[in-house]
1. Only residues that are closer than 20 Å to B:TYR171 by Cβ and surrounded by fewer than 20 Cβ atoms within 10 Å (Cβ to Cβ): list them for segment B:255-268, please.
2. Among strands (runs of 3 or more DSSP E) lying entirely in segment A:175-274, which contain 2 or more residues that are over 27 Å from A:THR142 (Cβ atoms) and either modelled with pLDDT under 85 or aliphatic (A, V, I, L, M) (or both)?
3. Could you pull out the residue among B:ALA152, B:ALA119 that is at pLDDT 90 or above and farther than 21 Å from A:SER170 by Cβ?
4. Being more than 7 Å from chain A (Cβ to nearest Cβ) and either over 25 Å from the mean Cα position of the chain (by Cα) or modelled with pLDDT of 90 or more (or both), is that true of even one residue in segment B:125-135?
5. Here are some conditions: (1) at pLDDT below 85; (2) closer than 27 Å to B:THR57 by Cβ; (3) surrounded by fewer than 16 Cβ atoms within 10 Å (Cβ to Cβ). A:GLY83 meets all but one. Which one does it not meet?
6. If I filter segment A:139-169 down to residues being in a helix (DSSP H, G or I), more than 9 Å from chain B (Cβ to nearest Cβ) and surrounded by fewer than 20 Cβ atoms within 10 Å (Cβ to Cβ), which single residue comes out as farthest from the chain's Cα centre (by Cα)?
Number of protein chains: 2
Amino acid sequence: MEAEIPMPDALTEPRDTPRTVETFRERLLELNGQLPRRLQQCADHVATHLDSIALSTVAQVAQGAGVPPSAVMRFCQIMGFSGFAEMQRLFREALSRAAPDYATRLANLKAGGAGQPSALVAEFVEAGRQSMEALARDLNETTLNQAVVILAQARTVHLAGFRRSFPVASYLAYVFDKLGVPAVLHDGVAGLGHRSSLRPGDALLAITFAPYSEETLALAAFARDRGLPVVALTDPPASGLSGVADTILSVTEIDFGAFRSLSAVIALALSLAVAVAARRET
Amino acid sequence: MEAEIPMPDALTEPRDTPRTVETFRERLLELNGQLPRRLQQCADHVATHLDSIALSTVAQVAQGAGVPPSAVMRFCQIMGFSGFAEMQRLFREALSRAAPDYATRLANLKAGGAGQPSALVAEFVEAGRQSMEALARDLNETTLNQAVVILAQARTVHLAGFRRSFPVASYLAYVFDKLGVPAVLHDGVAGLGHRSSLRPGDALLAITFAPYSEETLALAAFARDRGLPVVALTDPPASGLSGVADTILSVTEIDFGAFRSLSAVIALALSLAVAVAARRET
DNA sequence: CCGTCGTTGGAACATTTATTCCATTTCGTA
DNA sequence: TACGAAATGGAATAAATGTTCCAACGACGG
């Protein structure tokens, strides 16, 4: 008779096979710490080289983790798969969905002719994609969180961005408006500033890229002098704003020719806006 | 004795193995047209499914091309590889370089916590990337070329875009200015339109997405009535503008939540602007 | 100190996949 | 139409890769 029912145990309990990379990662976390030595090595290696699984053989994964192939097999089974092949299929499917015919099409567009408009699209798409990847790779989460806190505490958010940065600033103004966050867009209409609207308790979000625009720098300095916190959205050297900004969010935007795609900047700005709105509501 | 030296022939001449996807494509073009039927089928299929090679087996490629596996093998050898395995290695390497740790990092950011700002960044980056891929995949080159011609012939380009589309319009205004193309941004400042500035010989570029903004539709209709060509930058159904626009450039922008990343729209707009400027100069 | 049980490594086996080979068909040319 | 060269399809073979199994090991409790 079943005198004692064993506590459900992640290792022994039969689990259904992860169907998405997401659930795979969850299970990986769940298992972490309660695995024997060799299997833990597998888990560690797999966790840090998730994408390489799709293209590796058992032997390669095993070598990477510093274990014999059979250990990798056991690991796959503990993760809920019938074996390595089944686990690999998951990652291959994810990979092929990620790049369907995109790369081919891009190459075709580029090859279509150097002067062709479609070749330009290919270049800008490529630049944008690289920028976004760089953003995801290099994002400093701590700085981002700081920026969110500062802006969420502000009574009113002031937005500064001219010339190349103006589209970003104006989009932020639109988004903040939709989200019910009080925001002022410092456009240059009528040659007037909105300096007098900067009040204690407010904060400034300054968006500028090299070559930094005079107006933005001046406004940032002005805000700083009045004791208002300044968050900067800028490119890595960040030379112009290092003195005046409390928090510097830097984005590397890959240019094509003299123009930048703004993709990464907008993605970051949008995230910032939504996060700020969410924080204010709680 | 070697009585006659045969003309160098792409098929029989021994070629060294392509080392990059680029050279692979070149060789593919070189061979095009001078291949026997089955091999041509292979070439066609491979050309349009370049990326799928990395993850397919010989049998799968063969089935895709509608030929027996042995034909695929011959094709690989004609392309300069020792066999399918060697050819596949090329694409696998390209694929693993393309997604270095990006996917892992993205997943980490997402996993960092649903409410975390960094998770938002991951979502927006993902949305933007998908949008750009969709743009590259679905771009209609003919329509784009038409749009370029129309705008290049215009004396002045009028830009209409409000609310969500305003950042795009304003960025275009900036870019056109830099490129020396006469352009008017129809912002709504002071509640005035710039209708009277629409003159014969001009063209309108209307940017709007569902739900289409009244002002943009009205301006497009107005321009149409005066006989000016209208180019629309909009989303696929394009319902609102189908009557009034001469040329419709459609972009699918993946949203996250209620907000769109604008990445694809901006990439397309930028390409359009640069192509127009280039065409005007010649 | 001994026995047990979970863990480990490697060798044997099974399966999938690539590659070669050759009989047959097709195509171009005389 | 007949000939030879090229192309083709499929079956046979080779290679690689995945999977299983078992003997050996080591940690732990009695």
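1. Residues of segment B:255-268 closer than 20 Å to B:TYR171 by Cβ: B:255, B:259-268.
Within segment B:255-268, B:ASP255 is the sole residue that qualifies.
2. Fully inside segment A:175-274 and qualifying: A:183-185.
3. Result of the check over B:ALA152, B:ALA119: B:ALA152.
4. Taking every residue of segment B:125-135 in turn, none turns out to be more than 7 Å from chain A (Cβ to nearest Cβ) and either over 25 Å from the mean Cα position of the chain (by Cα) or modelled with pLDDT of 90 or more (or both).
5. Against the list (1) at pLDDT below 85; (2) closer than 27 Å to B:THR57 by Cβ; (3) surrounded by fewer than 16 Cβ atoms within 10 Å (Cβ to Cβ), A:GLY83 comes up short only on (1).
6. Among those that are in a helix (DSSP H, G or I), more than 9 Å from chain B (Cβ to nearest Cβ) and surrounded by fewer than 20 Cβ atoms within 10 Å (Cβ to Cβ), it is A:GLN153.
Okay, residues lined up against (1) hydroxyl-bearing (Ser, Thr, Tyr); (2) at pLDDT 85 or above; (3) touching a Ser or Thr at 6+ places or on another chain (Cβ under 6 Å); (4) away from DNA strand C (no atom under 13 Å from the Cβ):
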residue: B:LEU11; (1), (2), (3), (4): no, no, no, yes
residue: B:ASP16; (1), (2), (3), (4): no, no, no, yes
residue: B:GLN34; (1), (2), (3), (4): no, no, no, no
residue: B:GLY64; (1), (2), (3), (4): no, yes, no, no
residue: B:LEU95; (1), (2), (3), (4): no, no, no, yes
residue: B:ASN108; (1), (2), (3), (4): no, no, no, yes
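The values are calculated or read from the model by the stated rules, or taken from the named source; none is laboratory data. Predicted model only: the values in this text are computed from it and were never measured. As a convention, Cβ positions derive from the backbone with ideal geometry for all residues, glycine included, and neighbour counts pool all protein chains shown.
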